[in-house]
Every structure is written in structure tokens, then in C-alpha cells.
Amino acid sequence: MAPGGRRPRRDAEANRERLLAAAVTVMLREGRGVPLATIAAEAGVGVGTLYRKYPDRQALLHALEYRAYGLLVGILESIGELRCSGLEAVGEYLRRNVEVGDQLVLPLHGAPPLMSPEAVGARGEIYRYLEEFLGRGREDGSIRAAVNATDVIAFGALITQPLPFGPRWPRMAERQTALFLNALAADGPVELGTEIRREGIEDAFADGNR
């Protein structure tokens, strides 16, 4: 490829994503205090490469936060293109939150909050989409509750953080999401899915102690 072509930029972006994905994987496994050299090894690069891109842990966490905002905005954009009710749009957002929950390094998940214009703008975009979905729900009659985007965001943060011991998390998160949507719904109920009984909790506790 001739000098000045686009491949180097694509390669740089791929390398950046590999580093950030490795950082998420290692931090989930070993905690956010894991040595940066371990993250570099997971990504298959030298630690010097990591430090050139992210000179310290805070810079890396900030990059992960920007990445998480990008993931959420992308999810919202795709939902915005769907022909669905406001309640269905909110439910789809929450379900997709759970799918990418381990990638969401965000303030409500314990990350240091960013106050840069880019971060504030990304949060504003997330709020805008969610308020649009809620407004659609009030117009189409699918949402009756006086809920706002902050409520949805807070609940989304809760269901993307699995309990240390308990039944398979996606199953529990699905049920909690259905309960939340029932509280919003004009005519509910939303299907709750499989009931989780006390025995399931106790079995999960027992499995965790073996």
C-alpha cells in the first residue's frame, strides 16, 4: 500500500482495541490493580507499547471509559432505528447492557468519572436517546410511570454487575429487567421468565463453597 494510505490507521485502531479488550479481560480476572505488564502480555504486545499509548493506569482507565460510552451510544443508535414501542426500546437497551456488561468501565461501575467535554457529551447523548425512548413510550401508551433516563441508567448499572454468588447471572438479570419493565408498562405484565426460588440461591451458594 502506498504511503499515506488508510491501512496504518486501521492497524493502529485494531491494536488499540486489542489492548483495551485485554485490559478489560485481565481487570475482570485479577482486579483493576493488576500490573500493566500483565495487560500487555494478554494483548500480545510489549509493555513499552502499552506505555506509549497509555502512560499510566489512569490514562488506561480513561480510555476504557471512552470505549464504554462508544459501546452504549452504538447500542442506542441501533435501537433507535427499530420500529418498536418505547417500552420495547427501553427493554432492548437494558438487555443489550447485560450482554456487554463486562466491557462497561464506567463511573457507576466504580471507574473514575471523566469530566472532559467528550465524556460529558457522550453521557448527554445517552440521556438524549433514553429520554427519546421514554417519550415515545408515553406517546404510544406503552409507558405510564414517571420514569426518566437516570432511572434507566441506574438500573442498567445494577443489572450489569453480577452478584458474587448466585444463579446464572443472565437469567437473574432477565427477571429483574422484566420486573423493572412491569413497573413502567401501561398494561403489563411483561413475561417474567423462569422463577428463581430460594433453593436456587442456596444451591449456588453451596457450589461456590466447593
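The values are calculated or read from the model by the stated rules, or taken from the named source; none is laboratory data. This structure is a prediction, so every number in the text was calculated from the model and none was measured. Here the Cβ is made from the backbone with ideal geometry for all residues, glycine too, and neighbour counts use every protein chain on show. Surface accessibility is based on the protein's heavy atoms, side chains included, excluding ligands, DNA and RNA. Shrake-Rupley method; radii C 1.70, N 1.55, O 1.52, S 1.80 Å.
Considering every residue within the range 90-103, establish whether at least one is exposed (fewer than 15 other Cβ atoms within 10 Å of the Cβ), at pLDDT 90 or above and not charged (D, E, K, R).
Within the range 90-103 (the criterion being exposed (fewer than 15 other Cβ atoms within 10 Å of the Cβ), at pLDDT 90 or above and not charged (D, E, K, R)), the answer is yes, since at least one residue qualifies.
The rows are residues; the columns are (1) outside any helix (DSSP H, G or I); (2) hydroxyl-bearing (Ser, Thr, Tyr).
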| position | (1), (2) |
| --- | --- |
| Glu77 | no, no |
| Cys84 | yes, no |
| Arg95 | no, no |
| Leu108 | no, no |
| Pro112 | yes, no |
| Arg128 | no, no |
| Glu132 | no, no |
| Thr150 | no, yes |
| Gly156 | no, no |
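Assess whether Ala154 counts as being loosely packed, with under 13 Cβ neighbours inside 10 Å and at pLDDT 90 or above.
It is true that Ala154 is loosely packed, with under 13 Cβ neighbours inside 10 Å and at pLDDT 90 or above.
Assess whether Ala68 counts as being on the phi < 0 side of the Ramachandran plot, outside any helix (DSSP H, G or I) and either under 13 Å from the mean Cα position of the chain (by Cα) or of a type in the set (Phe, Trp, Tyr) (or both).
No, not satisfied.
Which residues, taken from the range 28-41, are hydrophobic (A, V, I, L, M, F, W, C) and under 20 Å from Arg52 (Cβ atoms)?
If the condition is that a residue be hydrophobic (A, V, I, L, M, F, W, C) and under 20 Å from Arg52 (Cβ atoms), then Val34, Leu36, Ala37, Ile39, Ala40, Ala41 are the ones that fit.
Yes/no per residue for (1) in contact with a Phe, Trp or Tyr (Cβ under 9 Å, 6 or more places away or on another chain); (2) open to solvent by 60 Å² or more (accessible area, probe 1.4 Å); (3) β-branched (Val, Ile, Thr):
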residue: Met27; (1), (2), (3): no, no, no
residue: Thr38; (1), (2), (3): no, no, yes
residue: Ala41; (1), (2), (3): no, yes, no
residue: Val45; (1), (2), (3): no, no, yes
residue: Tyr54; (1), (2), (3): no, no, no
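Do you know which residues across the range 80-89 are under 30 Å from Thr25 (Cα atoms) and surrounded by fewer than 19 Cβ atoms within 10 Å (Cβ to Cβ)?
Our first condition is that a residue be under 30 Å from Thr25 (Cα atoms); within the range 80-89, this holds for 80, 89.
The answer is Gly80, and nothing else.
List every residue pair whose Cβ atoms lie under 6 Å apart, where the two residues are 6 or more positions apart in sequence or sit on different chains, the first residue falls within the range 139-165 and is at positive phi, and the second residue, located anywhere, is surrounded by 15 or more Cβ atoms within 10 Å (Cβ to Cβ) and hydrophobic (A, V, I, L, M, F, W, C).
Gly141/Ala186
Somewhere in the range 179-189, is a residue modelled with pLDDT under 90, outside any helix (DSSP H, G or I) and exposed (fewer than 11 other Cβ atoms within 10 Å of the Cβ)?
yes
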